[in-house]
Amino acid sequence: MIDLRLGPAQESFGDWAGTVDVVVSNPPYIPTDAVPIDPEVRDHDPALALYGGGEDGLDLPRALGEQAAVLLRPGALLLMEHAEAQGVSLPAALAAQGHWDTIEDLPDLGGRPRVTRARQTRRARDH
């Protein structure tokens, strides 16, 4: 099934609360004052697809972590891409939310930290 919705991701799919097994996200995560290194990104991608907000670029990823916690069943997974430099800061930001039992950062095929995997806490959520 495909379900496309127009609007902010951090507010989407509320009608699926507690029913989702996996949330996969490649959100905007570049810090506001940074310039993308890759020319194909820097020269062609719209700013809306690149900049995650805040000095660390993680405002939107943090908000998506909160929304994923609402959507996921207990024990389900969140996978979120991030910049290589955010392999510690994104897991720490998700840990601070208190919704996740297990958080780990995973390397890409080149061995660089690029995806954070978090497992939804198995206890009842406070939502």
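Can you give me the number of residues within the stretch 1-32 that are of a type in the set (D, E, K, R), open to solvent by 80 Å² or more (accessible area, probe 1.4 Å) and modelled with pLDDT under 90? Going through the stretch 1-32 one residue at a time, the tally reaches 2. Could you go through the stretch 1-11 and let me know if any residue there is in contact with a Ser or Thr (Cβ under 9 Å, 6 or more places away or on another chain), of a type in the set (Gly, Ala, Ser) and in a loop (DSSP other than H, G, I, E, B). Checking the stretch 1-11: not a single residue is in contact with a Ser or Thr (Cβ under 9 Å, 6 or more places away or on another chain), of a type in the set (Gly, Ala, Ser) and in a loop (DSSP other than H, G, I, E, B).
The one condition from (1) among the basic types (Lys, Arg); (2) closer than 29 Å to Asp3 by Cα; (3) free of Cβ contacts under 8 Å to residues at least 40 places away in the same chain that Arg117 does not meet is (3). For the stretch 92-104, filtering for residues that are surrounded by fewer than 19 Cβ atoms within 10 Å (Cβ to Cβ) and assigned to a helix (DSSP H, G or I) leaves 4.
Being modelled with pLDDT under 95 and open to solvent by 30 Å² or more (accessible area, probe 1.4 Å) is the filter here; which residues of the stretch 114-127 pass it? Arg122, Arg123, Ala124, Arg125, Asp126, His127, listed by residue number. Would you mention how many residues in the stretch 1-38 are in contact (Cβ under 8 Å) with a residue 12 or more places away in the chain and of a type in the set (D, E, K, R)? Residues in the stretch 1-38 being in contact (Cβ under 8 Å) with a residue 12 or more places away in the chain and of a type in the set (D, E, K, R): 3 in total.
Those residues that are part of a helix (DSSP H, G or I), open to solvent by 10 Å² or more (accessible area, probe 1.4 Å) and in contact (Cβ under 8 Å) with a residue 12 or more places away in the chain, I need them from the stretch 39-85; list them, please. Break it down into steps so the answer makes sense when it comes.
So the first thing to find is which residues in the stretch 39-85 are part of a helix (DSSP H, G or I), and the list is 39-42, 47-49, 59-71, 84-85.
Adding the requirement that they be open to solvent by 10 Å² or more (accessible area, probe 1.4 Å) leaves 39-42, 47-49, 59-60, 62-64, 66-67, 70-71, 84-85.
Of everything in the stretch 39-85, those that are part of a helix (DSSP H, G or I), open to solvent by 10 Å² or more (accessible area, probe 1.4 Å) and in contact (Cβ under 8 Å) with a residue 12 or more places away in the chain turn out to be Leu48, Ala49, Leu60, Arg62, Ala63, Leu64, Glu66, Gln67, Val70, Leu71, Glu84.
Yes or no: the stretch 105-112 includes at least one residue that is within 13 Å of the chain's Cα centre (by Cα) and open to solvent by less than 50 Å² (accessible area, probe 1.4 Å). Yes, the stretch 105-112 has at least one match.
The values are calculated or read from the model by the stated rules, or taken from the named source; none is laboratory data. Please read these numbers as outputs of a predicted model, since none were measured by experiment. Glycine gets a Cβ as well: all are built from the backbone with ideal geometry, and neighbour counts include every protein chain shown. The accessibility values were calculated without ligands, DNA or RNA, using every heavy atom of the protein model including side chains. Shrake-Rupley method; radii C 1.70, N 1.55, O 1.52, S 1.80 Å.
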